Amino acid sequence: MQPQFLLSLLDGVLGTIVLSVLTFICGGLAGFVVALARISPLRSVSFAAIAYIQVFQGIPLLVQMGLAYFGPILLGFESVPPLAAAALAMSVFASAYLGQIWYGCLISVAKPQWEAAECLGLTRWQRMTRVVLPQAMRIATPPTVGFLVIIVKNTSVSSLVVGYQELTYNAKVINNATFEPFLYFGLAGIFYFLICYPLSVQSRALERKFNVGTR
Amino acid sequence: MSALVKFVDMHKSFGDLEILKGVTFSVERGEVVAIIGQSGSGKSTALRCMDRLETIQGGELWVCGHALHRDDVDLKALRRDVGIVFQSYNLFPHLTAEQNVALAPRLVASKSHAEASDIAQAVLSKVGLAEKRAAYPEQLSGGQQQRVAIARSLAMQPKLMLFDEVTSALDPKLTGEVLRVMERLAADGMTMILVTHEMQFARNVADRVVYMRDGRIHEMGGPEILIKPQTPELADFITHEQ
Amino acid sequence: MAYEFDFQSVLAYAPMFLQGAWTTLILTFWATLAGFVLGTLCAVARTGGPRWLRLLVGGYVEVIRNTPLLIQAYFLIFGLASIGARMPIMLGVVIAMVVNIGSYTTEVMRAGIESIKRGQIEAAECLGLSRAQIFLHVVLRPAMERVYPSLVSLYVLLMLGSSVLSAVGVEELFGVSNRVQSVTYRNFEVFIVLGVIYLAMTLVLRGVFWALGQLIFPRRRRLGTAL
């Protein structure tokens, strides 16, 4: 194996991490808005959140990538950098799932706690920030860490259509030159595993810790 | 030998903890025996040993001719001879009352669907639940579920019925309907061994009462010992149970 | 300047889209069926098998769940081709999907099996049921009933995720759309159409699974509970 190929794979790892982090930040912010919209007392707002979640959970990420890549051109952009298109599609995708996960966490603490807080005379905003959110965040941590694994794995989709140069993309390019699929896709798999496995373990450990805490 | 159950200096331990420290007694065909005692006295363990849900460590235990102290015991034959009912009913939640009862006749006794269904209906009427045969467990009260559990055991026509605190999870109103079914079974001549807290029931229905304490039989005799106990410990126990 | 949508020229290829959608459904059907069997067997091995088997299955599950489907497919399909093991592309893709979905099914079914209470198994033992009968009638059925919604989500996601397998050359829905793009140059419209078709397929698949659930879980039908 030539060292430049290994370097290229490591470069891909960096691309994967950059896209994952961008997705988590943007998708997380958007997902939070989706979760809040979902619990909104306004019918139209919560319905919009439901529709958003259903639509973007019902379309493949790959198709969302295409829309994010070709859509902005219609709005007058000359072209879209692959990273921007990939991050946009991944953020929308992540926000639909995180919105759903966090919504579940919010309502699971909300019911009894809302009522208790209401009796104390706290405003809606105070109830949310002082009572519900701190507890919901605790419950939300294990599934959120678990979802990070899904984000990292799904960055591989951005090697198609938008052609963002991350780990899978580089492995594919190297394979096209060397025809050693077991070696290079195997190595790529190992790198993905090295990123994802610790997150999976962490997610399970948090879940156990949390379950013990509530017993 | 007409004894259906025979304990001979039987020992049972969980690891280092000895639960039964030499139990000897026997139960004749047609007898109804109530085992009473504090929790932790080993009474439930003794009952579970009789259906080989626990293995024993010393002595002998004979149930319906099966030697449970031996390793080569035919479990399948034992379990056709013995029926057991648990405190927590343990009905299969995804099956209707009739399907719960018909399962063993169908799978174990290889009856046809129709035959198994006939058997199920017959035993369900016996426990007064013929009209509930299509109901799922969660649609039944606790007392009804426990009666279905009894019917489920009866469907295999056991020679011996074991009852492990079957009314402990029920409120008094529902307890009555289960006890009445058991009373009728006793009247029909079924051999029954029950671990129970129902002193009244033990006094009325049992032929013999066994008081267990600390893994041993502390006092044993006819139901009159519940009125005139011979040992201060049993007297104390009865006072606290009432 | 305003963009002028042109769905006309894209929709002219409707038969191709339908053909592709059908292929996607066929792939999903076989992968779901075989993946369920594989996952259930692995879940059994993982809950009750000997230590070495538990470790083996655990390793399989962890490796697959922590790597992307696309890498698995490249590794398997291009890898096998590189050592001269040729097979029809449909078969290769189904194998990749089965290996992938089998690991997720294992975890879900394991959770279901572990949720069955000890008392249920004891009661069945005391009725004289054999180990196989207990597993089939007392463990598997209710376990599956309990995790059915999670299984459905897995298999719907599998259908959506199979779109990336166009990259290994299978002509499923996404794969055919590439051809339509290259002749119409109407990329955005093609993706809109794809989105609509996939969304419709998601709804149809959920509906089919719902109906299947009603059929195989009579209690669910009768009580109308989500369990």
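The values are calculated or read from the model by the stated rules, or taken from the named source; none is laboratory data. Just so we're clear, the structure is a prediction, and the values are computed from it rather than from any experiment. Cβ atoms come from the backbone with ideal geometry, glycine included; neighbour counts cover every protein chain shown. For the accessible areas, the whole protein counts, side chains as well, though only heavy atoms, and no ligand, DNA or RNA atoms are used. Shrake-Rupley method; radii C 1.70, N 1.55, O 1.52, S 1.80 Å.
Below, the figures for the structure above:
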| quantity | calculated |
| --- | --- |
| Volume of the Cα convex hull of the range C:7-223, divided per residue and given in Å³ | 143 |
| Chain C: relative contact order as a whole-number percent, Cα under 8 Å and 6+ apart | 29 |
| Accessible carbon and sulfur surface of the range B:134-242 relative to its total accessible area, %, 1.4 Å | 46 |
| Number of partner chain Cβ atoms within 10 Å, mean per residue of A:186-193 | 5 |
| Chain pair B, C: total accessible area buried, heavy atoms, 1.4 Å probe, Å² | 2200 |
| Mean residue ellipticity (222 nm) of chain C, computed from DSSP H runs ≥ 4 via -39,500 (n - 2.57), nearest 500 | -24500 deg cm²/dmol |
| Fraction of accessible area attributable to carbon and sulfur, the range C:7-223 (%, probe 1.4 Å) | 70 |
| Fraction of antiparallel bridges per DSSP, chain B only, in percent to nearest 5 | 55 |
| The range A:108-215 shape via C-alpha gyration tensor axes, a/c threshold 1.5 | prolate |
| Dipole in debye (nearest 20) - chain B, about Cα centre, beta carbon charges: Lys, Arg +1; Asp, Glu -1 | 540 |
| Sequence of A:TYR69, A:TYR197 when ordered by accessible area, the most exposed leading, probe 1.4 angstrom | A:TYR197, A:TYR69 |
| In the C-A interface, the accessible area buried, summed over both sides, Å² (probe 1.4 Å) | 3000 |
| Residue-normalised accessible area of the range A:3-214, given per residue in Å² at a 1.4 Å probe | 48 |
| Cβ-based charge dipole, chain A, positive-most Cα from A:GLY58, A:PHE77, A:ALA117 | A:ALA117 |
| Degrees between helix A:61-74 axis and first principal axis of chain A (Cα, 0 to 90, nearest 10) | 90 |
| Among the listed pairs B:LYS12/B:LYS159; B:LYS43/B:LYS173; B:LYS43/B:LYS132; A:LYS209/B:LYS21, those beyond 31 Å (Cα-Cα) | B:LYS43/B:LYS132; A:LYS209/B:LYS21 |
| Sequence-distant residues sharing a close amide H with B:ILE217 (under 5 Å, placed H) | B:THR24 |
| Over chain A: helical MRE at 222 nm, DSSP H runs n ≥ 4 each giving -39500 (n - 2.57), nearest 500 | -28000 deg cm²/dmol |
| Euclidean distance between Cα centres, the range C:177-191 to the range B:1-40, Å | 80 |
| Given charges at beta-carbon only (K, R positive; D, E negative), |dipole| of the range A:3-214 in Debye | 780 |
| Kirkwood Rh, Cα atoms: Rg over Rh of the protein assembly as shown | 1.09 |
| Helix C:89-114 vs. chain C, principal-axis angle (Cα, 0 to 90°, nearest 10) | 40 |
| Peptide B:89-97, shielding by other chains (average Cβ, 10 Å cutoff) | 6 |
| Degrees between helix A:167-178 axis and first principal axis of chain A (Cα, 0 to 90, nearest 10) | 10 |
| Zero-based 10 Å bins, Cα pair distances in the range B:155-218, whole percents | 18, 53, 26, 3 |
| Per residue convex hull volume, Cα atoms of chain A, in Å³ | 140 |
| Positions from the range A:63-112 whose accessible area shrinks by 40 Å² or more when the full protein complex is built, not the chain alone, probe 1.4 Å | A:VAL63, A:LEU67, A:PHE70, A:LEU74 |
| Shielding score for C:58-70, defined as the mean number of other chain Cβ atoms within 10 Å | 6 |
| At least 40 Å² of accessible area lost relative to the chain alone, listed for the range C:92-130 with a 1.4 Å probe | C:GLN120, C:GLU122, C:ALA123, C:GLU125, C:CYS126, C:LEU127, C:GLY128, C:LEU129 |
